[in-house]
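A short reminder: the numbers here are calculations on the coordinates, not readings from a lab. Owing to the predicted nature of the structure, the values given are computational and were not obtained by experimental measurement. All Cβ positions, glycine included, derive from the backbone under ideal geometry; neighbour counts span all protein chains shown.
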Amino acid sequence: MKKSFWFYGLAALGLTVSAFGCNPYGSFCEAQESCRGGNDKDIDACTEEIAAEADIGSAYGCDAEWDALWECAEADAYCNNSNWTYSDKCQAKEQSYSQCKHDASGIK
């Protein structure tokens with residue numbers, strides 16, 4: 001399955017407090033970078049990328065769609081031969097989130 005560019009940065013939607021304090025994405029990014037062989041800078045970049053995508057979704061009024069996608073990704077992401085991936089379970093949620101942003105945008 002082809003995943004959107006930002007979804008690879010997701011990895012897991014850890015809503016628990018991690019080594020990154022209150023950052024809800026720290027656990028997910030730690031798991032992703034452990035799988036991929038990344039370092040602390042990769043973890044930091046991952047958390048920033050996911051937080052930025054959440055902010056973008058919020059700016060478009062797509063919080064519910066983002067939350068649904070994140071919950072799915074967090075539950076479904078896994079390591080496969082040093083690749084952080086997810087099954088097709090989240091595809092409909094990803095499409096719903098993308099459609100919400102598209103619909104809210106003035107760019108058609």
remark   = Taking the stretch 29-65 and keeping only residues that are part of a helix (DSSP H, G or I), touching a Lys or Arg at 6+ places or on another chain (Cβ under 9 Å), closer than 20 Å to Cys90 by Cα and of a type outside the set (Val, Ile, Thr), one is left with Gly57, Glu65
task = Output yes when any residue across the stretch 75-86 is part of a helix (DSSP H, G or I) and among the β-branched types (Val, Ile, Thr), and no when none is.
result = no
ask   = touching a Phe, Trp or Tyr at 6+ places or on another chain (Cβ under 7 Å), charged (D, E, K, R) and within 22 Å of Gly26 (Cβ to Cβ), is that true of Glu49?
value = yes
Members of the stretch 55-89 found to be within 16 Å of Lys101 (Cα to Cα), surrounded by 14 or more Cβ atoms within 10 Å (Cβ to Cβ) and in contact with a helix residue (DSSP H, G or I) (Cβ under 6 Å, 6 or more places away or on another chain), listed by number = Gly57, Tyr60, Cys62, Glu65, Trp66, Ala68, Leu69
ask   = What about Gly106, is it without any contact (Cβ under 8 Å) to a residue 40 or more places away in the chain, surrounded by 15 or more Cβ atoms within 10 Å (Cβ to Cβ) and outside any helix (DSSP H, G or I)?
value = no
